[in-house]
Amino acid sequence: MEDDLQLIKGTLGGDFRAFENIVEKYQGKIFRHLRKMVNDPSLAEDLLQDTFLNAYRGLNSFSGASSFSTWLFRIATNSALMYLRKERPETVEYDDKVLTDSVDVLTPSPAFVSTPLEILLSLEGKAKIEEAIDQLPLIYRSVVILRDVEGFSLEEVANILGASIPAIKSRLHRARNIVRETLTSYYMEKGSPRKS
């Protein structure tokens, strides 16, 4: 964080190299996040440029209330969401109903638990997990990417998405259940003998 603050201070003082350092530091993570959000590398590149342009223009509004990476991911996420709401409204869901159950507890199905670890961790398994995440509705995909892929805390995800922590927990619970169901049916199919 201290390094980021120095780079921000330098940028605001007119040192463009400082902003180039910010871009170099975060562009890989932001691009990966945007690519996952929109499922389109070319579009993710455009949104990446928008993200850093908006960050540069709004840098003096960064208050330091959250980490700089949280602030930057919020700009990126908002860019992706605004694009998708405008161009692909059918990909955006607005269901924010909070579950009353305990949302952090997932009960894996026996079929999923009995899947050999080497299959789950294989390239095929990782690809299937990525595919399952990519197929999630955007409202759930964004939470899974930020929490489970990028490693942000629930509080940071709530900050990035501008939602309450209970809403984020609800979305995360639903997203993980959908991914689990997708993987369970895939591995059950994979394990079942083929009929000739």
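Averaging sequence separations of C-alpha pairs under 8 Å and six or more residues apart, then dividing by the length of the range 2-90, give the relative contact order as a whole percent.
27
Would you mind ranking 150, 45 so that the residue whose beta carbon has the fewest other beta carbons within 10 Å leads the list?
45, 150
What order do you get for 61-69, 165-173, 18-26, 48-56 when each peptide is scored by the mean count of other beta carbon atoms within 10 Å, highest first?
Going by the mean number of other Cβ atoms within 10 Å, highest first, we get 165-173, 48-56, 18-26, 61-69.
Mind scanning 9/169; 9/126; 128/169 and naming the pairs with a C-alpha gap bigger than 30 Å?
Over 30 Å apart, Cα to Cα: 9/169; 9/126.
Relative to the present Cα-Cα distance, how much length would full extension add between residue 189 and residue 65 at 0.36 nm per residue of separation?
39.8 nm
Under a point spin-label approximation (7 Å from Cα along Cα-to-Cβ), what is the residue 39-residue 57 distance to one decimal in nm?
Rounded to a tenth, the inter-label distance reads 2.9 nm.
No value in this document is a laboratory result; all are computed from the given coordinates. Remember, predicted model here, so these are calculated numbers, not experimental data. Using ideal geometry, Cβ is built from the backbone for each residue, glycine included, and neighbour counts are taken over all protein chains shown.
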